[in-house]
Amino acid sequence: MKSFYDFIYPIQEEEKKTRIIMLGGPGSGKSTYTAYLVSHFNIPHVYPGGMLRKEVEKDSEIGRQVKNIISKGEFVPNSIVLDLIKDRLAQPDAQRGYVLDGWPRYMEQVRDMEQSGIEYDHAVFLDVSKEEIMRRLLARGRADDTVDIINNRIALYKKETGPVIEYLKSKPGFFSVEAEGKEPEDVAREIIFEIENVPRKW
C-alpha cells in the first residue's frame, strides 16, 4: 500500500518546474525580463525567432526551407516553428522549466501549444502604455523605427496577440506586471516574486 509520501513526492517534483510564457508588445522588455528569469531560475530561453535564424546559419535542412520561404516574402509555417519548439523543450536542460519568448503569438499557435501538450505554469504579461512603447522605440534611433511604422507594429500586435492575452487571462497562472516607470531590476523582482508565490495549477 502506498504511503502519504509516495503520493506527495511526485507532486513536489512537479512543483519544481518553472515553465513561463512571456507576453508583451514591441518595446515592452520581453528580452530584458526573460534574461532575469533565465538567470534566476536557471532555465533556458526558448525564442523561436532566434531558433529559426540559427537553423538558417547552420544551413540545416530546416534552415534551407526557412530561407527559401522568407526569400519569397512568406511567413514560416506554424508546423516548422512548433517542431523546433518541441525539440527544444525535449532537451535535458528544459526539463526543470523554460521561458517561451514570443510564442504563442496568435490563437492558432495557442491551439498548437495545447494540442501538442506543451504546458506552462505562468503567463507573464508586461503591461506598457502605447506612449511609453513609442518613446522607447523612437529612442533607439533605428531607421525603421518611425512613428508610422511603430503605430503599425502596435496595431498588428493588438490584432494578433490581443486575443491570446485575453484567452490566457482566463487560465490559471496568468498575471500582469506594470513594466514602466520603474527600474528594470524592480520589475524583475516583482515578476520573480509572483512566480514564486502564485499557487500552481494543481
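Some notes on this structure:
- Hits in the stretch 21-72 (condition: under 21 Å from L137 (Cβ atoms), surrounded by fewer than 20 Cβ atoms within 10 Å (Cβ to Cβ) and of a type in the set (V, I, T)): T32
- Any hit, the stretch 175-183, residues being open to solvent by 70 Å² or more (accessible area, probe 1.4 Å), more than 15 Å from the chain's Cα centre (by Cα) and of a type in the set (G, A, S): yes
- Matching entry among L126, L137, L168 (being open to solvent by less than 20 Å² (accessible area, probe 1.4 Å) and in contact with an Asp or Glu (Cβ under 7 Å, 6 or more places away or on another chain)): L137
- Filter result (over 21 Å from A35 (Cα atoms) and either open to solvent by less than 20 Å² (accessible area, probe 1.4 Å) or free of Cβ contacts under 8 Å to residues at least 24 places away in the same chain (or both)) within the stretch 91-117: Q109, V110, R111, M113, E114, Q115, G117
- Meeting the requirement of 1 or more residues that are touching a strand residue (DSSP E or B) at 6+ places or on another chain (Cβ under 7 Å), the helices (runs of 4 or more DSSP H) wholly within the stretch 48-133 are 78-89.
The values are calculated or read from the model by the stated rules, or taken from the named source; none is laboratory data. Model, not experiment: these values are computed from the prediction. Every residue, glycine among them, receives a Cβ derived from its backbone with ideal geometry; neighbour counts consider all protein chains shown. The accessibility values were calculated without ligands, DNA or RNA, using every heavy atom of the protein model including side chains. Shrake-Rupley method; radii C 1.70, N 1.55, O 1.52, S 1.80 Å.
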